[in-house]
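Each remark here refers to the structure printed beneath this line.
The values are calculated or read from the model by the stated rules, or taken from the named source; none is laboratory data. Owing to the predicted nature of the structure, the values given are computational and were not obtained by experimental measurement. So basically every Cβ, Gly included, is an ideal-geometry build from the backbone, and we count neighbours across all protein chains shown. When the accessible area is computed, the model is the full protein with side chains, heavy atoms only, and any ligands, DNA or RNA have been set aside. Shrake-Rupley method; radii C 1.70, N 1.55, O 1.52, S 1.80 Å.
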Amino acid sequence: MRHFAHDLLAPVPGTARQINSFHFGPQAAQKNVYIQASLHADELPGMLVAWHLKQRLAELEAAGQLLGEITLVPVANPIGQEQVVMDMPLGRYDLESRENFNRAFINVSQQVGDEVEALLNDDTAHNLRLIRASMKRALDAQVPTTQLRSQRLTLQRLACHADVVLDLHCDFEAVAHLYTTPEAWERVEPLSRYIGADASLLASDSGGQSFDECFSLFWLQLQQRFGERFPIAQGAIAVTVEHRGVLDVSHEQAAADCQAILNYLTHFGVIAGEAPALPALRQAATPLAGVEPVTTPVGGLLVFSVTPGQIMAAGDLIAEVIDPISDSVTPIYCSTAGLLYARSMRRMATAGMAIAHVAGAQAYRSGYLLSP
């Protein structure tokens, strides 16, 4: 195991932070995997999964079982980890800029495309090497001006050479689910099976330039630009894995999720051995544009009628919102049939708040598809 500490830009003197990366397996290997956890700093199930992975990868490395290099960043957001205000962790948004930690990663596809266009040829492997080298140069040339941009850039630099990028998150109260692209789904489906995902949500561009999409969209945009003239590989399979809800932090579950990821990496060929037989796919993949964010038009006490993992019909009752002053009770129904895969942790709703998400089979939304 090789351990590196990457300094972030300090906002003021005496407040410097670091991102720590751990590297396993042979350097300059043919296959490369990048895994990070808790980019939303208050989402901790993935951090425990990463800790289990760290122990297991060290054992596999000592046994000579790693065929490629695996980079692990168990704490992807040291800025957010420190944002505890009056005993309340606030790890989703940067308090200085008010930006979501998992949005606005740098898109360098235009710059890279301009640089490599005259050098591309009919050799897919050549083009892949050329583009990756150009991508690294483009990211290395970036000069961050804030601590948040420094953190984003550090993470992108660590992952830019990876064939597989796994970003470990969780929702509020949820079943296991994941986000990836339609283009990557065939190669991601085994992970969905191993992890036992109840929902697999697909979008090529969800609109927020999230961490996973700063890689998947990068390669898609180059394919769209050059695909009719030159063979451009899908250079990175990028997945956001949602390890259930924020309170689902247990060794038993983390160890099982760790093993599921190792099974997938064995199936992918970066760990030696034969991968276990693929479990059944729990639910067919559905478009992210088919997800209904169920909202409440009024505020009040939120009393749910359903739990994550339930299959909903259009018009089913999701919750009641109670005004304890007027005694009004407002029923909240879903309008989309599908799997209710996540719901809010809050029990005092505000008017307009999204209280649950239902994964429908038919796309009906467009534009920005993510939560705030």
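Some observations on this one:
- Distant-in-sequence amide H partners of E99 (H built 1.01 Å from N, under 5 Å): D94
- Kirkwood hydrodynamic radius over Cα pairs of region 251-362, then Stokes diffusion coefficient at 4 °C and 1.567 mPa s, in µm²/s: 79
- In this structure, E320 and A361 have a Cβ-Cβ separation that, at R0 = 25 Å, corresponds to a calculated FRET efficiency of about 0.40.
- Accessible surface calculations at 1.4 Å, restricted to protein heavy atoms, place the chain at 44 Å² per residue.
- Considering the chain, its Cα convex hull presents a mean projected area of 20.0 nm².
- Computed [θ] at 222 nm, helices only, for the chain once each DSSP H run of length n ≥ 4 contributes -39500 (n - 2.57): -9000 deg cm²/dmol
- The label-point distance for S328 and A58, in a model that sets each label 7 Å from Cα toward Cβ, rounds to 5.8 nm.
- Euclidean distance of C-alpha centroids, region 177-192 and region 301-372, integer Å: 26
- Computed with a 1.4 Å probe on the full set of protein chains, the accessible area for K54 sits at about 50 Å².
- Using only side-chain charges placed at the Cβ, +1 for Lys and Arg and -1 for Asp and Glu, the dipole size of the chain relative to its Cα centre rounds to 500 debye.
- Debye-sum result for region 161-245 in log10 I(q)/I(0), which assumes one identical scatterer on each alpha carbon, at q = 0.13, 0.15, 0.18 Å⁻¹: -0.41, -0.53, -0.73
- V298 accessible area, assembled protein chains, probe 1.4 Å, Å²: 50
- The chain: antiparallel DSSP beta bridges as a percent of all, rounded to 5: 65
- In the context of the full protein assembly, S21 retains an accessible surface of approximately 0 Å², using a probe radius of 1.4 Å and ignoring ligands and nucleic acids.
- Backbone amide hydrogens, once placed in the peptide plane, bring R244 within less than 5 Å of D171, A176, H177, excluding anything fewer than 5 places away on its chain.
- Result for the chain in a Gaussian network model with C-alpha springs under 10 Å: among P45, P279, P74, the largest mean-square fluctuation is at P279.
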